[in-house]
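**Student:** I am attaching a structure below and will ask some questions about it afterwards.
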Amino acid sequence: MGADLIFYNIGQLVTSRELEKNSGSSMENIEILENGYVAVENGHILTFGTGKVPNNLVGLNTKLIDVEGKVLSPGLIDSHTHLVHGGSRENEFSMKISGVPYLEILKNGGGILSSVSATREATAEELLSKAKNTLAKMLSFGVTAVESKSGYGLDLENEIKQLEVNKTLNLIQPIHIISTFMGAHATPKEFKDSPERFLDSVINMLPIIKEKELAEFCDVFCEKNIFSIPESKELLSKAKELGFKIKIHADEIESLGGAELAGELGAVSADHIMAISEAGIQSLKENQVIGNLLPGTSFNLCKAYAPARKLIESGVEIALSTDYNPGSCPCENLQLIMQIAASQMKMTPKEVFKAVTINAAKSIGKEDTIGSIDVGKKADFVIFDAHNIDYILYHFGTSHTQSVYIGGSLVYKK
């Protein structure tokens with residue numbers, strides 16, 4: 001019979017399969033094959049290998065694609081975004097570059113609260129159109145799966161509106177969308193004088209979101225003057241009881257103990273962690289929590305980067321994401337994030353690719369179906385116009401995407 005589709009003459013085949021850990025960094029332990037091929041059947045990976053394609057894989061109807069010695073990797077995964085929102089916040093740009101702290105902007109009604117107003121005013125159709133356009137840009141950078149958080153509604157009606165947009169996006173465009181409920185993103189104006197009542201309202205939203213099957217994850221912005229450690233623990237514990245997998249915006253601005261809480265509660269990932277403590281690093285390692293780093297936010301806010309090398313050398317597994325959002329990181333370009341991680345955080349090319357493939361898949365609970373080239377997984381690939389992964393990170397500020405396949409179908413070509 002033969003395969004439906006075969007990619008051959010692959011210069012570097014980044015399988016992102018994890019190899020046995022050696023004495024070096026476990027972030028380097030991914031398989032990269034030279035002169036590779038990948039066979040696809042019914043939208044899934046049938047087999048792969050190196051050298052000449054076996055004759056038994058080639059049938060009368062097999063389509064053969066010559067990769068011409070270029071890089072083929074699993075589809076890139078953007079595992080932390082705030083995809084669905086109304087408006088934009090360029091009016092805050094001058095304040096940010098002049099040094100006004102984010103928490104001060106938020107206190108004065110800007111920041112997240114500005115986006116909340118715009119999102120509440122937007123119709124579902126307007127939010128859908130805006131997010132769809134954003135996803136088309138992400139696809140052009142090789143992204144085939146995106147985690148998308150709510151959190152710009154901050155009331156039941158508008159949180160549901162955002163999450164229903166996620167659900168629709170999964171039906172009308174090719175990128176896989178994984179939904180996260182983040183009702184605890186900030187305290188809205190109507191609860192300014194009674195923030196404890198707002199936390200209660202978010203907890204009351206959880207069973208409704210669960211019953212409607214609108215989100216797989218629950219997240220919280222655990223930060224000074226936003227949601228405290230006890231508040232975050234109460235919310236995430238309730239979410240976990242209801243069957244949500246949990247994430248946490250942890251130690252972004254101050255070392256509050258968010259990473260320690262992530263380990264205690266068994267979170268899938270702790271995100272941002274620019275101000276993580278030694279105890280927090282040990283908590284992530286011991287509890288196998290993914291450290292999801294967002295260097296684009298540090299770049300845009302002129303803040304210190306998360307201590308990637310320290311985390312890696314301590315044995316923490318790392319993912320990388322854009323943190324695409326209307327304020328602190330309005331950037332769809334995951335390749336730029338990879339390039340910043342290499343040049344500014346001193347991550348090696350193998351570490352970077354692991355962070356946006358198999359580790360990113362782990363951070364959204366999808367490592368069994370995407371994130372690496374392995375038999376039975378979805379045939380989600382990127383072909384890069386480069387002959388090795390080093391070049392993709394060395395030549396920064398541009399997209400190296402040549403073509404993108406999701407489920408074995410061509411969905412983008414440069």
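The values are calculated or read from the model by the stated rules, or taken from the named source; none is laboratory data. Predicted, not measured: the structure shown is a model, and the values here were computed from it. Positions of Cβ are backbone-derived with ideal geometry, glycine not excepted, and every protein chain shown enters the neighbour counts. With ligands, DNA and RNA removed, areas are computed over all heavy atoms of the protein, side chains included. Shrake-Rupley method; radii C 1.70, N 1.55, O 1.52, S 1.80 Å.
**Student:** What is the percent carbon and sulfur in the accessible area of the chain, measuring with a 1.4 Å probe over the protein chains and ignoring ligands?
**Tutor:** Ligands and nucleic acids excluded, carbon and sulfur give 50 percent.
**Student:** Note down the magnitude of the dipole of the range 349-414 about its Cα centre, charges +1 on Lys and Arg C-beta and -1 on Asp and Glu C-beta and zero elsewhere, to the nearest 20 debye.
**Tutor:** 140
**Student:** On to the next question. Would you rank Tyr412, Tyr391 by solvent-accessible area, highest first, keeping every protein chain in place and using a 1.4 Å probe? Mind dumping the intermediate values first?
**Tutor:** Details: Tyr412 60, Tyr391 85 Å².
Largest accessible area first, the list is Tyr391, Tyr412.
**Student:** Still on this structure, please answer the following. With every protein chain left in place, what is the accessible area of Asp368 in Å² (1.4 Å probe, nearest 10)?
**Tutor:** Spelled out: Asp368, probe radius 1.4 Å, area about 130 Å².
**Student:** Placing +1 at every Lys and Arg Cβ and -1 at every Asp and Glu Cβ, with all other atoms neutral, what dipole size does the range 283-414 have around its Cα centre, in debye to the nearest 20?
**Tutor:** 120
**Student:** Taking all protein chains together and a probe of 1.4 Å, list Asp200, Asp193 from the most accessible to the least accessible.
**Tutor:** Highest to lowest solvent-accessible surface, that is Asp193, Asp200.
**Student:** With 21 Å as the limit, write out which pairs from Lys224/Lys247; Lys247/Lys362; Lys132/Lys413; Lys366/Lys413 have Cα-Cα distances beyond it, or answer none.
**Tutor:** Violating the 21 Å limit, Cα to Cα: Lys366/Lys413.
**Student:** Choose one answer from Ser283, Ser298, Ser98: the residue with the largest mean-square fluctuation in a GNM of the chain with alpha-carbon springs under 10 Å.
**Tutor:** Of Ser283, Ser298, Ser98, the Gaussian network model singles out Ser98 as fluctuating most.
**Student:** How do 254-260, 90-96 rank on mean C-beta neighbours within 10 Å, highest first?
**Tutor:** Packing proxy ranking, top to bottom: 254-260, 90-96.
**Student:** How large is the accessible surface of Lys414 in square angstrom, using a 1.4 angstrom probe and rounding to the nearest 10?
**Tutor:** Only protein atoms counted, so the area is about 150 Å².
**Student:** Suppose a student asked you for the relative contact order of the chain, using Cα pairs under 8 Å spaced at least 6 residues apart; what percent would you report?
**Tutor:** Relative contact order of the chain: 20 percent.
**Student:** Relative to the Cα centre, what is the charge dipole magnitude of the chain, using +1 at the beta carbon of each Lys and Arg, -1 at the beta carbon of each Asp and Glu, and rounding to the nearest 20 debye?
**Tutor:** I would put it at about 640 debye.
**Student:** Positive end of the charge dipole of the range 223-270 (Lys, Arg +1 and Asp, Glu -1 on Cβ, about the Cα centre): tell me which of Ser269, Ile253, Ala239 has its Cα farthest that way.
**Tutor:** Farthest along the dipole direction, towards plus: Ala239.
**Student:** Next question. Counting heavy atoms of the protein chains only and a 1.4 Å probe, report the per residue accessible area for the chain as a whole number of Å².
**Tutor:** So the chain comes to 40 Å² accessible per residue, rounded to a whole number.
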